[in-house]
Every structure is written in structure tokens, then in C-alpha cells.
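Here's the structure, in C-alpha cells; my notes come after.
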Amino acid sequence: MDQLGIAEALGAVRRDVVAVARPDLAVFPLDGGDVLRYLHAVCSQHTEGLAVGDAAEALLLSPKGKIEFAFRLAVLPDGVLLDTEAEAAEALAARLARFVFRYDVTVGVPGPGAVSLLGPDADGALAKAGLPVPPVRSGAAVGRPGLAAHRTAAGVDLVGPAAPAALGALEAAGVPAGPAGLWEVVRIERGLPRWGRELTDDVIAEEAGLLGSHVHLDKGCYPGQETVARVHNLGQVQRRLAGLQVVGDRLPALGADLTTEDGRRAGQVRSAADHPELGPIALAYVRRMVAPGHLVHAGDLTARVVELPFTMAAPAAR
């Protein structure tokens, strides 16, 4: 498989397709007759009525509604397959296993197995490699034993123990490979929050913009649901996930506090990347009072607040 540099790979993402191995993700199966009923009881998503071919994104919340885990699930012919951040996988599996005593559920052991196809020709690449092509509709996945295909905002993710073999099939089909850092650049450009960075135990779902994707607002009786409903019904939260376009050529420090030009607290940096087209960019939680277009400071760096996703414009003035 041809290996591209970041800038060349990002250009290919715009035009056709690039495959990127995802060691940052881990997968594990859930087996048993009560899996979907159990997940329905403990997570933020409505899973009880899901069937083979369905998929969902969900959160496990603290009683106060703060994000503890984020994961994705696919209902395959041989069971339910979960994927999440590799750093969170063992703790998530342990958390799920801790409360299954009332249910027919077996939690599998997390392991590696994920590849992302980024770009508009992801479906064509899958078909050429003889791999499953997911439906266009949201909340759907397609797969075979050991492999699920999820449609994403950036293309298609293949997850499961069979993902390394799928990557080999893509290589044989001539799909170019992107470098390891490509996914992080694309993720930040698209404004996609990540567990451990933007999704942490001091964040609620509405701040991260996840109510439409990870939370079923008409479902009750799960940990954190009262907080989710109260915040949603009362109106906007005090901060939201936003982009920063940094002036200069340095990245802001992760966790750096943001201030306005008159010295007021404005938010906090969560992720940053050197973008080949935009220069240094970052994701941050920014207070509602700081509108898009305003300047903020992260230490000795200055950045302009922008709405997500980033648009391809000139880098911030140096």
C-alpha cells in the first residue's frame, strides 16, 4: 500500500479515498440474549429495539450527567460489537461487566482492530476490495462475523477482529495508506470530539454537541438522564465546543486556559494539530459569551474562535 505524507494524504481525502490504520480504537464483543436490553438500561441511547444491521453511538454518564465513556455499537449476525478509544476499552469493559449479574450478557476482552476510509470514494474502495458497504441512512451498520462497517462524517470505519484482514484487502485493491497522524488532523478539522480530550468527566453531552448523535432525548431511566433532560429543557449551556485558528506557527498547549482580550476567562484548549492548509488549529471549550470571530489568548499565543467544522480558508495571519 502506497504511503502518503500528511499534506498529500489530506488532498487525497478531499478527492477520493485514503485508508488509515486506527490503533487509537479498540473493540470487544457483547454476547447473550439480554445485551441490547442491558445497554438500554445503562447508557444514553435507545438500544432495546435495535436489530441486526442497526448501529448506535452512546455514552455512559455519571449520576450528575458527566461523560464517563463514549462508545459505538453494531448489531451483527453473530452478536453486538462495541468499539471505543483504546485507552478507555479495558475500563469500559470492566464497567459493563460489573453490573450484568441480572442479565444474560457476556463481555468480551478488548483488542485492536480498526481502519478508517477517509474521503468521498470510501464506498467505491470497499466494493473494489470485496468489503461490506454500510447503508447511507444513519443508525445503520453492515458487517460479517468479526467486522462492522460504520458510516462516519469523514467516510467509513471498519472495526472488529477482521479489520487487519480488511486493511490487507484494501491494500490489494490499490487504496493508498495515510500516515498515522492523518486521522487526528481530519478529526480536529471536522470538529469530532474524542474521549480523553474533549469527552472527559467534567463535560456534559450538550457542551460537546452530542445530543443529536449519542443521546436519545425521549428515553428515561438511565444514570445521568435527569441532568441531561434538565439542561436540555432549560436552554443553552455556558460553554460549547469550538475551533481555534491560531496566529503564528506554534500549537497551543493541551489544557491551556483561554482568556479574552480584556483578560476574562474564555475556555480551555483540548486538542491541537498542525494542519497543512490551515496552519495550527485546535478544539476548545469556549464560553458562550465569546462569539465566532473573536480573538482569545492561550498563554502567549493568539487565536480566532471559529465555528465547527473548519472551512478551508487561509491560515490565520502570522
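Within the chain, the selection of entire DSSP H helices by a Cα span of 18 Å or greater along the long axis and an average Kyte-Doolittle value of at least 0.0 returns 86-98. Of all aspartates and glutamates in the structure, the ones whose alpha carbon falls short of 19 Å from that of Lys66, not counting any fewer than 8 places away in one chain, are Glu57, Glu85, Glu87, Glu198, Asp201, Asp202, Glu206, Glu207, Asp218, Glu226.
Arrange the peptides 249-259, 189-199 so that the one whose residues have, on average, the most other Cβ atoms within 10 Å appears first.
Numbers: 249-259: 16.4, 189-199: 19.8.
The peptides rank, most packed first, as 189-199, 249-259.
Within a Cβ distance under 9 Å of Ala273, other residues only, what is the Lys/Arg minus Asp/Glu net charge?
Values: positive: Arg187; negative: Glu184, Glu189, Asp274.
Once positives and negatives cancel, what remains is -2.
Evaluated with a Cβ-only charge set (Lys, Arg +1; Asp, Glu -1), region 238-318 carries a dipole of roughly 360 debye about its Cα centre, given to the nearest 20. In sequence order, region 257-273 has phi-based couplings of 6, 9, 10, 7, 5, 9, x, 7, 5, 10, x, 8, 6, 10, 9, 8, 8 Hz under the Karplus curve 6.51 cos²θ - 1.76 cosθ + 1.60, θ = phi - 60°, and Gly or Pro positions carry x. Near Gly299, once Lys and Arg are set to +1 and Asp and Glu to -1 for all other residues with Cβ below 13 Å from its Cβ, the sum equals -1. With the helix formula -39500 (n - 2.57) applied to DSSP H stretches of n ≥ 4, the chain reaches a computed 222 nm mean residue ellipticity of -6500 deg cm²/dmol.
Does the chain come out rounded, prolate or oblate by the C-alpha gyration tensor, with a ≥ b ≥ c the root eigenvalues, rounded set by a/c under 1.5 and, if not, prolate when a/b is larger than b/c and oblate if not? Can you show the working numbers first?
Details: a/c = 2.21, a/b = 1.17, b/c = 1.88.
Oblate, because a/c is 1.5 or more while a/b does not exceed b/c.
Per residue, the average separation of C-alpha pairs within less than 8 Å and at least 6 apart gives the chain a relative contact order of 20 percent. Give the residue from Ala9, Pro120, Val175 lying farthest towards the positive end of the charge dipole for region 6-189; charges sit on Cβ (+1 for Lys and Arg, -1 for Asp and Glu) and the dipole is referred to the Cα centre. Value computed over the given set: Pro120.
Only the coordinates and a few stated rules stand behind these numbers; no lab work does. The model shown is predicted, which means the values in this text are computed figures rather than measured ones. Because the Cβ atoms are built from the backbone with ideal geometry, glycine has one as well, and the counts that use them run over all protein chains shown.
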